[in-house]
1. Checking the condition open to solvent by less than 50 Å² (accessible area, probe 1.4 Å) and modelled with pLDDT of 80 or more, which residue from Ala245, Ala270 passes?
2. Of the residues that make up segment 50-58, is at least one part of a helix (DSSP H, G or I) and more than 27 Å from the chain's Cα centre (by Cα)?
3. Can you tell me which residues in segment 113-128 are over 13 Å from Phe155 (Cβ atoms) and surrounded by 11 or more Cβ atoms within 10 Å (Cβ to Cβ)?
4. Name every residue in segment 199-237 that is surrounded by 22 or more Cβ atoms within 10 Å (Cβ to Cβ), more than 28 Å from Glu67 (Cα to Cα) and not hydroxyl-bearing (Ser, Thr, Tyr), in order of residue number.
5. Going residue by residue through segment 89-107, is there one that turns out to be at pLDDT 85 or above and either open to solvent by 80 Å² or more (accessible area, probe 1.4 Å) or not in a helix (DSSP H, G or I) (or both)?
6. Of the residues that make up segment 156-164, is at least one polar (S, T, N, Q) and either under 24 Å from Asn223 (Cα atoms) or outside the structural domain of Leu89 (by the TED database) (or both)?
7. For Arg102, state whether it is in the same structural domain as Glu140 (by the TED database), over 29 Å from the mean Cα position of the chain (by Cα) and farther than 30 Å from Ala216 by Cα.
8. Please go through segment 59-76 and give me each residue that is under 18 Å from the mean Cα position of the chain (by Cα) and either without any contact (Cβ under 8 Å) to a residue 24 or more places away in the chain or more than 17 Å from Ala216 (Cβ to Cβ) (or both), ordered by number.
Amino acid sequence: MRSTDRKKKSRHIYNTLGMLTFAVMAFPVYWLVVSALRPNREIRSWDQTLWPSSLTFDNFKRAVKYENFDTAIQASLIISVTAVAGAMLLATVAAYAIGRFRFHGRRALMIVLIVVQLLPPTAMLIPIYLQLNEFGALNEFWGIIIIYLVSTLPFATWMIRGFVINIPKELEESAMVDGCTQMGAFWRIIFPLLAPGLAAASIFSLINAWNEYMLAYIVLQDNDKYTLNIWLANFTTSRGTDYGALMAASVIVAIPVVIFFMIIQKKMAAGLTSGAVKG
């Protein structure tokens, strides 16, 4: 009985800690959404309440009508989708090569993939800027796309590799006996089985590309090429900050990532667990 009581007590403690952690993490998101629905006079008031006295969508209307909103959406979509698609393609091929073939320098390459993740892109800002300037990639979408693609490639490769080594080689051998080439067996047999790993890696890559600010601000220099994160800075001017429109715009910026996550959440959950069984 004492053992059962201890288990119940510890379970209640862990559940309470879990709920408190969830509340602390969820409150900023809640406050963001509520502030986006508050009248502007309430946002600037000293008397703040957990729920607004009245709901309004005026903040969203102002945010949508703000200058360069359409071009910011277009720029963010082009950069993020292209970077994620390119990273997933290259990471899949690289992970297959590392997971299936034995070649000289393979272990060193795996170590380099891990070490590269320890270097923040902002620490290499000056070399990146000089290289992009030399190749004429400043103020070009393809310049920032390459940065995002390369920055997420090591992690995506390492994650997808975990799935490759868990797929039996016999599946490929059977396909090759039936007439497939090595790459044909990969694309027809192995690639569909990598869906959970691709889902987990793609959401990481999308968040990295969609939320990044510093590099995009340095590389992109025209207002009509700014991404949504840079566009958000327009709500703060020398005359003050339009907090209502800023909160509403922030909600709008977060919606695409939330929708993408909801679409692939099941595959992502499977990817985060089964991809690390063997290594």
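1. Values: Ala270 fails: modelled with pLDDT of 80 or more.
Of the residues listed, the single one that is open to solvent by less than 50 Å² (accessible area, probe 1.4 Å) and modelled with pLDDT of 80 or more is Ala245.
2. Of segment 50-58, the ones part of a helix (DSSP H, G or I) are 58.
Narrowing the set further to residues that are more than 27 Å from the chain's Cα centre (by Cα) leaves 58.
Yes.
3. Matches in segment 113-128: Thr122, Met124, Leu125, Ile128.
4. Correct list: Ala199, Ala200, Ala201.
5. yes
6. Kept after step one, since they are polar (S, T, N, Q), are these residues of segment 156-164: 157.
Retained after the next criterion (residues that are either under 24 Å from Asn223 (Cα atoms) or outside the structural domain of Leu89 (by the TED database) (or both)): none.
No, segment 156-164 contains no residue that is polar (S, T, N, Q) and either under 24 Å from Asn223 (Cα atoms) or outside the structural domain of Leu89 (by the TED database) (or both).
7. Details: in the same structural domain as Glu140 (by the TED database): yes; over 29 Å from the mean Cα position of the chain (by Cα): yes; farther than 30 Å from Ala216 by Cα: yes.
The answer is yes for Arg102.
8. Gln74
The values are calculated or read from the model by the stated rules, or taken from the named source; none is laboratory data. Keep in mind that this is a model prediction, so the values were computed, not measured. Because the Cβ atoms are built from the backbone with ideal geometry, glycine has one as well, and the counts that use them run over all protein chains shown. The area values use the complete protein model at the heavy-atom level, side chains included, leaving out ligands, DNA and RNA. Shrake-Rupley method; radii C 1.70, N 1.55, O 1.52, S 1.80 Å.
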